[in-house]
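Step one of this worksheet: look at the structure below.
The values are calculated or read from the model by the stated rules, or taken from the named source; none is laboratory data. It should be emphasised that the depicted structure is a prediction, and the values quoted were computed from it without experimental measurement. Virtual Cβ from ideal backbone geometry, glycine too; neighbours counted across all protein chains shown.
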Amino acid sequence: MREELMQQWREATGPQTPGWDFSALDAVMSEDPAPWDLDAEYRAALAGAAHVLDMGTGGGEHLLRFASALPADTTATEGWAPNVPVARSALADIGVPVVEFGAPDDDPDSVAMPFPDERFDLVLNRHESYSPGEVARVLMPGGVLLTQQVGSGELHELHELLDWEPVDLDVTLERFAAEAEAAGLVIERADRFEGSYRFADVTALIRYLRKVPWDAPADFSVERHADALLRLHEQNDGELALTLRRFRLCARRPL
């Protein structure tokens, strides 16, 4: 039985694939929905925008949902090199250029955004690190930042089982709100949510980690972490539920 499980898990591993399309996991993974509707907030914000930036577009998958609502002056950034050609190909048909840019997670203030002052009236950011000061700089007076972030402590049960502690970058609503205010932005909405990811089994979890390898140790492998994976399998009768954390922030640059 052990070797059969190990073989299933080996087959689920592999190099990280480009883009943020998780649809291949729809049958084996789900997550509790946040109490806000991010897509509806995007659409409402886009209705009044003329100059839009989408930060960390991935492969362009999420931005494409709003293709019909995007103004002619829309730009996207992406910081992970393998995603850049994917995003450029996906967004070319709707005329959205993709600029290769990403701020370091541990020091987002260290790199200036490649845009002039007061360039955008709406900055969209879904799970991408950013410098509040730089966002405030590129926002027009009256412009809006709308961001959703993955909070610190996600999947902590898995990390504890693997005896691995990721670097805590203090990705919390309190810090992000305080830094936005320090950059001169005015907070209009701020909410947090804790729920669960639900995986059909350990194989589904490993397939997910293939997409987000930073949620496991750099040396993660089925062989190296076999005992922990087997414990996880034995402790859960079928479905695995692991902690999910999100927060969202809407902030405006004063006129």
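Would you say Trp36 is modelled with pLDDT under 90, closer than 29 Å to Glu134 by Cβ and of a type outside the set (Val, Ile, Thr)? Criteria not met by Trp36.
Based on what the data block shows, is Ser196 at pLDDT 95 or above, of a type outside the set (Val, Ile, Thr) and over 30 Å from Asp109 (Cα atoms)? Judged against the criteria, Ser196 is a match.
Quick one: in the stretch 29-40, of everything that is in contact with a strand residue (DSSP E or B) (Cβ under 8 Å, 6 or more places away or on another chain) and not in a loop (DSSP other than H, G, I, E, B), which residue is nearest to Glu100 (Cα to Cα)? Within the stretch 29-40, the match that is nearest to Glu100 (Cα to Cα) is Leu38.
The C-beta contact set for the stretch 229-245 (first residue more than 17 Å from Ser196 (Cα to Cα) and crowded, with 20+ Cβ neighbours inside 10 Å, second residue at pLDDT 90 or above and among the hydroxyl-bearing types (Ser, Thr, Tyr), distance under 6 angstrom, 6+ apart or interchain) is empty.
Looking across the stretch 162-180, the residues that are in contact (Cβ under 8 Å) with a residue 60 or more places away in the chain and buried (at least 16 other Cβ atoms within 10 Å of the Cβ) come down to Leu162, Thr172, Leu173, Phe176, Ala177, Ala180. Taking the numbered list (1) surrounded by fewer than 20 Cβ atoms within 10 Å (Cβ to Cβ); (2) closer than 19 Å to Pro141 by Cα in turn, Ala27 passes all entries but (2).
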